[in-house]
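Have a look at the structure below, then the notes.
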Amino acid sequence: MSQKPQAEKRQAAIQTRRSPLAALLVRDLRIGRRIGGAVSMGVVFFLCLVTVTPFAVGPDQALLARIGPAILWIAALLATLLGLDRLFQADAEDGSLDLFLMSETPLELIVVVKCLGHWLLTGLPLVAASPIFGLMLGLEPAALARVTASLLAGTPALTLLGAVGAALTVSLRRGGLLLAVLILPLSVPVLIFGVAAAGDPVVGFKTPFLILCGLTLAAVALTPFAAAAALRHAGD
Amino acid sequence: MQNYANPTHFLRLVRVLLPVTAGLTTGLLAVGLYLALFVAPADYQQGETVRIMYLHVPSAWMAMFVYLVMTSAAIGTLVFRHPLADVAQKAAAPLGAAFTFLCLTTGSLWGKPEWGTWWVWDARLTSVLVLFLIYLGIIALWQVIEDPGKAARLVAIFTLVGAVNVPIIKFSVDWWHTLHQPASVFRMGGPTIAASMLWPLLIMAVGFTTLFLTLHMLAMRNEILRRRLRRLSMLAADGAAPLGVVAEPAE
Amino acid sequence: MNLAAPHSGFVIAAYAIAFVVIAAMVIGTLADYRSLKKSLERIAARARHIGDARS
């Protein structure tokens with residue numbers, strides 16, 4: 001009776017509001033931008049790794065140019081994984097995770113959106129910075145393009161795989177190291193095809209790049225289910 | 001008490017099966033070792049080193065078999081919620097890691113005389129190494145989560161993720177290896193193998209399998225007792241001593 | 001098995017390592033079992049003791 005118009009009003013309000021997933025993405029990006037400077041920190045860490053490597057292998061320009069793609073990939077792998085342990089932990093601490101678990105929006109989609117936000121904040125800056133760091137390692141322009149393209153295609157898979165580890169370790173106080181131990185073996189295929197697409201002279205660009213894209217798509221399709229299942233079981 | 005029903009039945013089953021599998025293991029390994037060390041001929045190419053294969057191939061087989069057991073246990077935990085499944089899974093992980101370690105060390109010991117180095121980034125060795133790392137990750141995950149039920153479900157999820165990944169890793173490592181080194185290395189135990197070498201290999205493989213089954217049952221029994229102990233000490237800490245629970249035989 | 005063969009040391013080392021690993025697994029599991037049994041008996045005895053004191 002009097003409830004009906006109220007319900008309609010609420011319906012209208014819901015329709016004008018943002019969809020929950022978009023709201024979550026905007027919230028994550030906002031948090032990432034305001035607190036901690038996650039964007040700059042990831043890139044600085046990436047730069048640190050690139051800077052340290054020549055001290056380890058020597059300043060030989062030819063050698064650096066040869067292993068440059070591998071250095072960039074290892075650095076991107078570590079920079080992605082090391083920031084991931086907080087992916088769900090902050091939400092678990094402030095209670096948002098319980099809201100995710102109770103919400104009507106599928107948890108799998110929430111995981112995908114969280115990963116997208118995280119990738120936009122950490123993965124994309126790494127991809128954008130990689131040509132500059134590649135120049136420092138003496139890569140040719142063609143190689144620069146290949147490294148950047150392979151990182152663009154491959155880092156989402158790393159973030160998604162890492163999300164499984166983040167979900168598994170969400171209830172642990174010091175999950176960062178365990179996350180890396182769990183996920184690094186699983187990221188071997190991405191690393192292999194990423195580095196091959198980035199700089200292998202024998203095999204060419206196309207085959208490994210396409211396989212890399214396939215790995216990323218498979219990760220998009222499969223890992224959200226694993227991560228969501230882990231989040232559901234981590235609570236009780 | 002309902003939880004106890006299955007483990008108690010299982011413990012009774014273990015008591016019956018244990019002598020059988022233990023006896024089988026002893027017999028098979030004794031015969032297998034005799035055949036492998038004294039009867040099987042030395043290879044015309046590899047000489048005596050070929051005898052390492054009788055350890056290496058069975059351990060490699062166990063490394064994969066144990067992961068298969070853990071995957072089925074993980075499905076049992078997640079889908080059927082069987083109380084024994086997570087016990088089986090937890091008990092299998094260290095055994096699988098041990099067999100994988102054995103596979104790696106024997107492979108390395110075979111590689112030194114045959115390839116000239118202790119370690120070759122050969123496709124098979126490398127995939128087994130990654131499998132070893134996954135085992136270690138699983139064990140680490142078991143150790144850091146205190147509540148056994150929660151740990152079981154999380155480890156089960158990770159085990160399944162690993163099970164999906166292992167074939168991909170195998171494929172990509174093979175691809176990577178052919179990319180960097182044309183396949184010229186000698187492969188251990190190809191399909192063409194003389195019967196005098198096949199028999200000891202098969203017997204050793206079956207012996208390793210029964211050895212795993214025996215150890216797995218023992219480790220599962222330990223795990224059941226450990227959970228019982230955990231529950232009892234928690235009850236004791238609460239101050240209540242429910243005699244009904246305590247009086248039941250520990251085995 | 002020809003002990004004088006050039007690489008027999010590696011074979012012996014492999015079998016020795018296998019023996020050590022398998023023995024460690026067996027002994028570890030059995031030792032674990034014994035210690036668990038002992039703890040269970042101890043806790044049962046304590047419970048019986050408390051029960052006697054109460055009745």
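Throughout, read-outs are computed from the coordinates displayed, never taken from laboratory work. What you are looking at is a predicted structure, and each value in this text was computed from that prediction instead of being measured. Glycine also receives a Cβ, built like all others from the backbone with ideal geometry; neighbour counts cover every protein chain displayed.
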Open item on the list: Within 10 Å of each Cβ in B:48-54, how many Cβ atoms from other chains are there, averaged over the peptide?
Closed with: 6
TODO: With everything on Cα atoms, drop me the angle between helix B:2-34 and the longest principal axis of chain B, reported from 0 to 90° to the nearest 10.
DONE: 20
Open item on the list: Which one, A:G175, A:G58, A:G199, has the greatest fluctuation when you compute a Gaussian network model over chain A with C-alpha springs under 10 angstrom?
Closed with: A:G58
Task: Cα centroid separation - region B:214-236 against region A:90-137, whole Å - done: 40
Open item on the list: Could you work out the relative contact order of chain A? I mean the mean sequence separation of Cα pairs under 8 Å and 6+ apart, divided by the number of residues, in percent.
Closed with: 25
Open item on the list: For chain B, take the longest principal axis of its alpha carbons; what is the angle in degrees between that and the long axis of helix B:53-75, to the nearest 10 within 0 to 90?
Closed with: 40
TODO: Could you check which residue among A:G138, A:G117, A:G95 shows the biggest mean-square fluctuation in a GNM of chain A with a 10 Å Cα cutoff?
DONE: A:G95
- [ ] Would you mind computing, in nm to one decimal, how far apart the modelled labels at A:A65 and C:L30 are, each placed 7 Å from Cα along Cα→Cβ?
- [x] 6.5
- [ ] Determine, for each peptide in B:211-218, B:226-233, A:85-92, the mean count of other beta carbons within 10 angstrom over its residues, then list the peptides with the highest first.
- [x] B:211-218, A:85-92, B:226-233
Open item on the list: Among the complete DSSP H segments of chain A, which ones combine at least 18 Å of alpha-carbon extent along their axis with a mean Kyte-Doolittle hydropathy of 0.5 or more?
Closed with: A:38-57, A:61-82, A:124-136, A:141-168, A:206-235
TODO: Using only Cα atoms, tell me the angle between helix B:123-144 and the longest principal axis of chain B; keep it within 0 to 90° and round to the nearest 10.
DONE: 10
- [ ] Please report B:Y54, C:Y15, C:Y33, B:Y67 as a ranked list, fewest other C-beta atoms within 10 angstrom at the top and most at the bottom.
- [x] C:Y33, C:Y15, B:Y67, B:Y54
Open item on the list: Please compute, for peptide B:91-99, the average count of beta-carbon atoms on other protein chains lying within 10 Å of each residue's beta-carbon.
Closed with: 2
Task: Helix-derived mean residue ellipticity, 222 nm - over the protein assembly as shown, DSSP H n ≥ 4, -39500 (n - 2.57), to 500 - done: -27500 deg cm²/dmol
Open item on the list: Can you compute the modelled spin-label distance between C:I12 and B:D43, with each label point 7 Å from Cα toward Cβ, in nm?
Closed with: 2.2
TODO: Give a residue-ordered list of calculated ³J(HN,Hα) values for region C:25-33 (Karplus: 6.51 cos²θ - 1.76 cosθ + 1.60, θ = phi - 60°; whole Hz; x for Gly, Pro).
DONE: 4, 5, 5, x, 5, 5, 5, 4, 4
Open item on the list: If every alpha-carbon in the protein assembly as shown counts as one equal scatterer, what log10 I(q)/I(0) does Debye give at q = 0.11 1/Å?
Closed with: -1.09
